[in-house]
Amino acid sequence: MEKIDLAVEILKKGEVVAAPTETVYGLFADASNDVAIQKIYEIKGRPICNPLIVHVSDVERAKETAKFSEIAESIAQYFWIEKELPLTIILPNLNKNISKFVTAGLSSIALRRPNHKISRLLIEKFGSSLAAPSANTSTFVSPTSFEMVKSDLGAKIPLILDGGSCSVGLESTILDLTQKPFVILRPGGVSKKEIETFLGEDVLTSAELNIQAIKAPGMMEKHYSPNLPVRINSLFPQEDEAFIAFGKTNEPYDLNLSLSGDLKEAAQNLFRFLKLLDNKSKFSGIAIMPIPNFDIGVAINDRITRASAT
Ligand code: TXA
Ligand code: MG
């Protein structure tokens, strides 16, 4: 049997399956099944108050789940279908066929269409939407390869579909469309500028509004963290620290996110590098060079700031 058909069978039984998306690997389960969704929280050790993203195959499916305004539909059409970019949108929940554990009881729902042939096929063959958080133990580094999922959750899940390395490497941008101006709750693979250019108007960030704690319960300060302490904006390492460079430097480094200073390449490498260097018997901590704060660099800085929180 094809692995993907086996995955569908497992999902139909109310079990979970890990699979790649273009951003990070997700831990998928039937979005309508309370028991299956509860397994996601249990396996990740995730607080039940932290809602999940519903993954859909197309805009029509999404419209069965959430209340789409005209502008919401054009955003989905443009970013999901035309550009195939990793954008999650928050809309009013229609409360149809979605487990209350997916939305943690909120009146809104998070939706995204993954742009990866395996997760896309999985949703299509399953025939309805799948909820998925990143496939890692809660607060740890998100997985961007099969091996990363296997070493973290391999013993707890029946199947991991292997799709190689994720092309984006950081989670989707989350855009809240339930309030005006729209608010970016989590920076990610789509930049603020791309959204504003499409809309022809400004959007806010949650930092500007200071609303994180209320609107996105999952965006805790400490997140994306390896076991070792992380020190950001460092120009050179302290004794015994592992050093992650970005671009050219005269300092000796352990790994370089991008020798040519390419932010996209840096995003692809970030989580894998953090995991590779997370070795307590070798290092006392992980130091990271400054990362320019534009385009996907904003999302990189968001993740490493959280990784460095104590
Ligand atoms: O790229 C991604 O988005 C990956 C892949 C697997 O699709 N998924 C992912 O899921 O990053 P997760 O669970 O690690 O992060 C989802 C975030 C959480 O911080 C959660 O609080 C927020 O989405 N969220 C979900 N529903 C929400 C809602 N109704 N309102 C506000 N935030 C919401
Ligand atoms: Mg996550």
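The values are calculated or read from the model by the stated rules, or taken from the named source; none is laboratory data. Everything quoted here is computed from the prediction, not taken from an experiment. Glycine also receives a Cβ, built like all others from the backbone with ideal geometry; neighbour counts cover every protein chain displayed.
For segment 29-60, name all the residues that are in contact with a strand residue (DSSP E or B) (Cβ under 8 Å, 6 or more places away or on another chain) and more than 14 Å from I98 (Cα to Cα). Even if it seems obvious, please write down each step before you answer.
Taking segment 29-60 and keeping what is in contact with a strand residue (DSSP E or B) (Cβ under 8 Å, 6 or more places away or on another chain), we get 29-31, 36-37, 39-40, 43-44, 51-56.
Residues satisfying the conditions are K39, I40, I43, K44.
Residue-by-condition table, conditions (1) of a type in the set (F, W, Y); (2) modelled with pLDDT of 95 or more; (3) assigned by TED's automatic domain parsing to the domain that holds L257:
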{"residue": "I195", "(1), (2), (3)": "no, yes, no"}
{"residue": "F198", "(1), (2), (3)": "yes, yes, no"}
{"residue": "V203", "(1), (2), (3)": "no, yes, no"}
{"residue": "I214", "(1), (2), (3)": "no, no, no"}
{"residue": "G218", "(1), (2), (3)": "no, no, no"}
{"residue": "K222", "(1), (2), (3)": "no, no, no"}
{"residue": "S225", "(1), (2), (3)": "no, no, no"}
{"residue": "S234", "(1), (2), (3)": "no, yes, yes"}
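Can you go through A104, A110, A72 and tell me which one is surrounded by fewer than 19 Cβ atoms within 10 Å (Cβ to Cβ) and either modelled with pLDDT under 95 or not basic (K, R) (or both)?
The match here is A104.
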#### Entry: Options I4, I43, I37; residue that is touching an Asp or Glu at 6+ places or on another chain (Cβ under 8 Å) and either within 15 Å of ligand 1 (Cβ to nearest atom) or farther than 19 Å from L111 by Cα (or both)
I37
### Task
Only one of these is assigned to a strand (DSSP E or B) and in the same structural domain as V35 (by TED's automatic domain parsing): L185, L122. Name it.
L185
### Message
Could you check segment 141-182 and list, in sequence order, the residues that are more than 10 Å from ligand 1 (Cβ to nearest atom), under 30 Å from G200 (Cα atoms) and either in contact with an Asp or Glu (Cβ under 7 Å, 6 or more places away or on another chain) or in the same structural domain as K275 (by TED's automatic domain parsing) (or both)?
### Response
S167, P181, F182
### Message
Within segment 13-27, take every residue that is over 7 Å from A135 (Cβ atoms) and under 17 Å from the mean Cα position of the chain (by Cα) and give me the one that is farthest from ligand 2 (Cβ to nearest atom).
### Response
V17
